[in-house]
Ligand SMILES: Nc1nc2c(ncn2[C@@H]2O[C@H](COP(=O)(O)OP(=O)(O)OP(=O)(O)O)[C@@H](O)[C@H]2O)c(=O)[nH]1
Ligand SMILES: [Mg+2]
């Protein structure tokens, strides 16, 4: 098989070239959870280092034994779009599946600057101090261009990044939101197999990313701050309806009173929404991520949620549905991309689009012509 032997895992990138067909770099600066910073093992040096490809067993055993370097490499493998890596990653995942599912998956969203990273640092440190092992993943749609707020996060989660009981991995760069979603979902599974019992997924709350994170976590947390305006913070976008808990952050100093007012107002608004999770009343809390006040209360709410949702079977049901939705969205995405790249369709498309714009053909008829062109070609190739 092509993957065996000395196939290079790391390909030199010139001028920061495309990641699409290569295995993406590990994360510089110890941000992948290596306690010892940029030189941590498992992080390739920039410029590309040829390293021996690990076998499936080495990945599986390494991850199961909690080897952080191999965990980092397994996630890098998952993030690769190269076809050979994709199939190897699926083999590794299949073997790891029995060891997955034993964590509480928590999504954290809120407008930029609300304090998500600071909150995760505070919560993460409290959790590891009480014996938990915490993995932090981020979904940042902007990171495909700029690598997002990784640099900012590095300084805001400094203590946590050095904590040996914590593993931090930023958003995979490049690709569609669908691709990023698959990678993060699979990374959650690998982190669970490596023994992390709390998975925190941060998203910056731009575009569709909150919905995407909601679709992969058990417990979804919305952070708010005073003075940012309701519309901006998700009431109109419908994010508040998805939250299993709403937390007013920065409830410290002079802002404490305003935060309490917003808490009470938000609780009143939430009262009119259908529950985000059947049988669960989403609490509205206050905290200060900066000085740590109220963080334990947020975690208590998450624990209460876990026990109540587990008891009622709602948690398992949510996870089952999430996996089915995931499967269907992967199929949708593949079909759509087949259709959009079909040569016959591409040839016909400009004429059809012109006709639709000119009003000389109905939309239904146009869609029908394109789809039947696609189907005819597909029937030819499959017979
Ligand atoms: N006073 C106060 N400041 C806070 C608190 N939490 C965060 N901050 C500050 O708010 C700013 C933004 O914090 P971040 O944690 O980076 O916010 P974020 O939501 O992760 O931001 P993005 O990743 O850019 O979306 C920083 O300057 C923090 O120090 C808090 O509880 N109280
Ligand atoms: Mg952040």
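The values are calculated or read from the model by the stated rules, or taken from the named source; none is laboratory data. What you are looking at is a predicted structure, and each value in this text was computed from that prediction instead of being measured. As a convention, Cβ positions derive from the backbone with ideal geometry for all residues, glycine included, and neighbour counts pool all protein chains shown.
For the stretch 49-57, indicate whether the set of residues that are touching a strand residue (DSSP E or B) at 6+ places or on another chain (Cβ under 8 Å) and more than 16 Å from ligand 1 (Cβ to nearest atom) is non-empty. No; the residues of the stretch 49-57 include none that is touching a strand residue (DSSP E or B) at 6+ places or on another chain (Cβ under 8 Å) and more than 16 Å from ligand 1 (Cβ to nearest atom).
Among the residues of the stretch 115-148, just one is more than 15 Å from ligand 2 (Cβ to nearest atom), closer than 20 Å to residue 75 by Cβ, assigned to a helix (DSSP H, G or I) and modelled with pLDDT of 85 or more, namely 128. Among the residues of the stretch 344-367, the one identified as under 25 Å from residue 177 (Cα atoms) and in contact (Cβ under 8 Å) with a residue 24 or more places away in the chain is 345. Taking the criterion of being under 13 Å from residue 371 (Cα atoms) and not in a helix (DSSP H, G or I), the only residue of the stretch 329-360 that qualifies is 342. Among residues of the stretch 95-114 being under 18 Å from the mean Cα position of the chain (by Cα), within 16 Å of ligand 1 (Cβ to nearest atom) and in a loop (DSSP other than H, G, I, E, B), the one that is surrounded by the most Cβ atoms within 10 Å (Cβ to Cβ) is 110. Residue count for the stretch 191-204, restricted to those that are in contact with a strand residue (DSSP E or B) (Cβ under 9 Å, 6 or more places away or on another chain), modelled with pLDDT of 80 or more and farther than 19 Å from residue 299 by Cβ: 2.
Provide a single number: the residues in the stretch 281-300 that are assigned to a helix (DSSP H, G or I) and farther than 23 Å from residue 113 by Cα.
1
A quick yes/no check of all residues on (1) surrounded by 14 or more Cβ atoms within 10 Å (Cβ to Cβ); (2) more than 16 Å from ligand 2 (Cβ to nearest atom); (3) at negative phi:
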{"position": "250", "(1), (2), (3)": "yes, no, no"}
{"position": "268", "(1), (2), (3)": "no, yes, yes"}
{"position": "274", "(1), (2), (3)": "no, yes, yes"}
{"position": "284", "(1), (2), (3)": "yes, yes, yes"}
{"position": "292", "(1), (2), (3)": "yes, yes, no"}
{"position": "319", "(1), (2), (3)": "yes, yes, yes"}
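When 278, 303 are checked against the criterion of being surrounded by fewer than 15 Cβ atoms within 10 Å (Cβ to Cβ), in a helix (DSSP H, G or I) and in the same structural domain as residue 198 (by TED's automatic domain parsing), 303 stands alone in meeting it. Could you tell me whether any residue of the stretch 149-161 is away from ligand 2 (no atom under 11 Å from the Cβ), at pLDDT 95 or above and more than 15 Å from the chain's Cα centre (by Cα)? No, every residue in the stretch 149-161 fails to be away from ligand 2 (no atom under 11 Å from the Cβ), at pLDDT 95 or above and more than 15 Å from the chain's Cα centre (by Cα).
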